[in-house]
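Down below is the structure, laid out as structure tokens.
The values are calculated or read from the model by the stated rules, or taken from the named source; none is laboratory data. Predicted model only: the values in this text are computed from it and were never measured. Note: ideal-geometry Cβ built from the backbone for every residue, glycine included; neighbour counts use all protein chains shown. The accessibility values were calculated without ligands, DNA or RNA, using every heavy atom of the protein model including side chains. Shrake-Rupley method; radii C 1.70, N 1.55, O 1.52, S 1.80 Å.
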Amino acid sequence: SDLKVRSKDLSYHEPVMPVGIVSIANEEDVSKALRICNKHGVGVVVFAAGTSLEGQVVPGREGCVVLDLSMFDKLVAVHPGDLDCVVQPGLNWMELNNQLKEHGLFFPPDPGAAATIGGMCGTCASGTLAWRYGTMKENVLALRVVLPTGEIIKTRSRATKSSAGYDLTRLFVGSEGTLGVITQATLRLKKIPTVSAAAKFQFPTLDHAARFSSFLVKRCIPLQRLEVMDEIAVRSVNLAFDQGLPERPVVLLDFAGTSEADVEGQIKEVERLARDAEFKCEDLAITKDPVQAEKLWSVRKRALFAAKSLREGAGHGKSKTRIATLTTDVAVPPSRLPDILEVTRQLIVKHGVVAPIVAHAGDGNFHCFLLVDEANEQEILISERFRDEMAEAAIGMEGTCTGEHGVGSGKRHLLVKELGPGAIRLMRALKKAVDPNGIMNPGKVFE
Ligand SMILES: Cc1cc2nc3c(=O)[nH]c(=O)nc-3n(C[C@H](O)[C@H](O)[C@H](O)COP(=O)(O)OP(=O)(O)OC[C@H]3O[C@@H](n4cnc5c(N)ncnc54)[C@H](O)[C@@H]3O)c2cc1C
């Protein structure tokens, strides 16, 4: 049954059974395992927490071995004076932040609750804090990596800046386990803000909410978080978690600073802008109570799971249909967010899909959670068509098919559309140079 668990992720991608699972908790054994697999041409899939959403941990062909690094999960060192720490790949980001609290520091990227640093490096994860602090690309300083040959390399020193050669750290961040196994990461840390507040603003339409968000980005107000949920997403959290929220589009904000006056100034400015007749803000609630703020954000963070409540019969019981989620992930320059959301709404009507929308609005990145019956090929086909048309529209607005979830196996065709054949040829050449036998996570990123 362990093999079955490792044959699948949380998405709609079809399971493929691995032939074995190797649990490893040190670098030397990772090196030995890769040497053996490379010699025999055995495919290797690194499985961290399996929360990725594009089929990344589903074996891309028969006969693969899964490397499970969940026990390789220690915080190795904290350097408060340098604002960095060194961790093993299996460490969960929330656990890391628990351990960093005593230093008054935290690591900003905040994807799925169970995600680990290795997996987050794999997908170049981000989350609700990315527009203030950046994604994994900006927050990973250096890596230790085992190459498919078993050779162990470091990508960079721990110095805050370095011009030493090609940027290998960024090559591995976002490589989805296709180039090597990350065995250690040095991470940049931030100071925990001393004063914070959270706010919920409701708007009559998604367009008003999106235009308000884009306006805040343009005004450069140093918010900590800036997120949007449409009325369908709000309905889903009402159904799933009994929230009793008015079912209208909502903008969620986090203010943070080093003094009361600083945060108070931000709140006043945003309130003033929200009341502008152009945005038609209907309801506005602000809290400085950390418990209330946490409650507000936990609703947003669970929106993906809440989406399932929109579909009757959803669940895993024997008598119920098995509903999986196809999650879209386009991102556009933030000023184009209202435009891409308008196109998305038209596509939802055209394809007749149920698709709650949740946006990391500060980054111009958003998700539609499409609920598909895994046994219904037609439904999956329609949802894939919807995803593709949306991605093409985003690419047409100088955007991307994936802001944070990665390409996996579901967006390989879109990567070519986004970057063109030359860039893909170069990526293939890099892959061939690092992994000539094609053992690392076969079938991901490109066909
Ligand atoms: C409820 C929910 C909310 C989410 N919200 C967000 C969000 O806001 N932002 C966001 O970015 N993502 C989000 N995600 C997606 C997911 O959490 C991220 O993709 C995360 O980075 C995956 O981490 P993981 O530890 O689960 O990795 P896995 O899914 O196990 O692996 C991800 C990829 O990394 C590779 N990998 C894992 N470990 C290593 C290693 N040591 N060396 C090399 N490659 C490795 C794997 O082979 C795979 O290709 C969400 C998911 C869920 C379920």
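Between rounded, prolate and oblate, where does region 195-306 land on the alpha carbon gyration tensor, with a ≥ b ≥ c its root eigenvalues, rounded for a/c under 1.5, else prolate if a/b exceeds b/c?
Values: a/c = 2.04, a/b = 1.25, b/c = 1.64.
It comes out oblate by the Cα gyration axes.
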>> Using a Cα-Cα cut-off of under 26 Å, which lysines could be cross-linked to Lys200, ignoring same-chain neighbours fewer than 8 residues away?
In response: Lys190, Lys191, Lys218, Lys268, Lys280, Lys288, Lys295, Lys301, Lys308
>> Using only the alpha-carbon atoms, how far is helix 206-218 inclined from the longest principal axis of the chain? Give it as 0 to 90 degrees, nearest 10.
In response: 80
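When a/c is below 1.5 the answer is rounded, else prolate if a/b is larger than b/c, else oblate, so apply that to region 1-94 with a ≥ b ≥ c taken from the square roots of the Cα gyration tensor eigenvalues. The partial results should precede the final answer.
Numbers: a/c = 2.72, a/b = 1.52, b/c = 1.78.
Because a/c hits 1.5 or more and a/b fails to exceed b/c, region 1-94 counts as oblate.
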> How big is D, in µm² s⁻¹, for the chain by Stokes-Einstein at 25 °C and 0.890 mPa s if Rh is the Kirkwood radius over C-alpha pairs?
Replying inline: 108
> How much length, in nm to one decimal, is gained on full extension between Arg219 and Leu171, taken as 0.36 nm per residue of separation minus their Cα-Cα distance?
Replying inline: 14.0 nm
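Which percent of the accessible area of region 75-191 is formed by carbon and sulfur heavy atoms (probe 1.4 angstrom)? Write down the numbers at each step before the final one.
Numbers: 2460 of 4590 Å².
Solvent-exposed carbon and sulfur of region 75-191 make up 54 percent of the total.
Given a cut-off of under 8 Å on Cα pairs at least six residues apart, what relative contact order in percent is computed for region 108-239? Kindly include the intermediate steps, with their values, before the conclusion.
Working: 157 pairs, mean separation 33.6, N = 132.
Result for region 108-239 is 25 percent.
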>> So, R0 is 22 Å and r is the distance between the beta-carbons of Glu151 and Ser23; what FRET efficiency does that work out to, to 0.05?
In response: 0.50
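Could you sort Tyr133, Tyr166 by accessible area so the largest value comes first, with the probe set to 1.4 Å? Intermediate results must be reported in sequence, preceding the final value.
Working: Tyr133 35, Tyr166 200 Å².
Result, largest first: Tyr166, Tyr133.
If you roll a 1.4 Å probe over region 1-73 with all protein chains in place, what percent of the accessible area is carbon or sulfur?
Details: 1860 of 3320 Å².
In region 1-73, the share of accessible area belonging to carbon and sulfur is 56 percent.
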>> Could you sort the peptides 405-418, 1-14 by per-residue average Cβ neighbour count (10 Å cutoff), highest mean leading?
In response: 405-418, 1-14
> Mind listing the Cα extents of region 75-191 along all three principal axes, in Å, largest one first?
Replying inline: 39, 29, 26
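For the peptides 120-126, 192-198, 349-355, what is the packing order when you average, over each peptide's residues, the other Cβ atoms within 10 Å and list the highest mean first? Can you show the working numbers first?
Numbers: 120-126: 28.0, 192-198: 16.9, 349-355: 14.7.
So the order, starting with the most tightly packed, is 120-126, 192-198, 349-355.
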> Considering lysine pairs in region 1-156 that are 8 or more places apart or on different chains, how many have Cα atoms under 21 Å apart?
Replying inline: 5
> So between Leu426 and Glu374, what do we pick up on full extension, going 0.36 nm a residue minus the alpha carbon distance?
Replying inline: 15.2 nm
> Under a plain spin-label model, where a point goes 7 Å from the Cα along Cα-to-Cβ, how far apart in nm are Glu102 and Glu247?
Replying inline: 4.9
>> Can you tell me the length gained on complete extension of the stretch Arg311 to Thr258, counting 0.36 nm per residue apart and subtracting the Cα distance?
In response: 14.7 nm
>> Can you compute the FRET efficiency between Asp2 and Thr287 using 1/(1 + (r/R0)^6), with r the Cβ-Cβ distance and R0 = 56 Å? Round to the nearest 0.05.
In response: 0.80
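What FRET efficiency would be calculated for the residue pair Glu269, Asn437, taking the C-beta separation as r and a Förster radius of 45 Å, to the nearest 0.05?
Numbers: r = 57 Å, r/R0 = 1.26.
E between Glu269 and Asn437, to the nearest 0.05, is 0.20.
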>> Which residues does the label zone of Val349 cover in region 323-337, counting backbone N under 20 Å from a point 7 Å along Cα→Cβ?
In response: 337
> Heavy-atom accessible area per residue, region 75-191, 1.4 Å probe: how many Å²?
Replying inline: 39
> With contacts defined as alpha carbon pairs under 8 Å and 6 or more residues apart, what's the relative contact order of the chain in percent?
Replying inline: 17
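Expressed as a rounded percentage, what relative contact order does region 2-69 have, with Cα pairs under 8 Å and six or more residues apart?
On the way: 118 pairs, mean separation 32.4, N = 68.
This gives 48 percent for region 2-69.
Quick check on the chain: helices-only [θ] at 222 nm, where DSSP H runs of length 4 and up contribute -39,500 (n - 2.57) each and the sum goes over total residues. Nearest 500, please. Please list the in-between numbers first.
Working: 15 runs with 159 residues, N = 447.
Counting only the DSSP helices, I get -10500 deg cm²/dmol.
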> Ignoring ligands and nucleic acids, what accessible area does Trp93 show with a 1.4 Å probe (Å², nearest 10)?
Replying inline: 20
>> Which of Leu187, Leu75, Leu245 ends up with the largest GNM mean-square fluctuation for the chain, with Cα atoms connected below 10 Å?
In response: Leu245
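What number comes out for accessible area per residue over region 316-405 if the probe is 1.4 Å? Units Å², please.
Heavy-atom SASA per residue in region 316-405 reads 40 Å².
Taking loop as defined by DSSP and a crowding limit of 14 other beta carbons within 10 Å, which trypsin sites (Lys or Arg not before Pro) in region 145-198 fit? Working shown, then result.
Numbers: sites: Lys154, Arg156, Arg158, Lys161, Arg170, Arg188, Lys190, Lys191; in loops: Arg156, Arg158, Lys161.
Sites meeting the loop and neighbour criteria: Arg158, Lys161.
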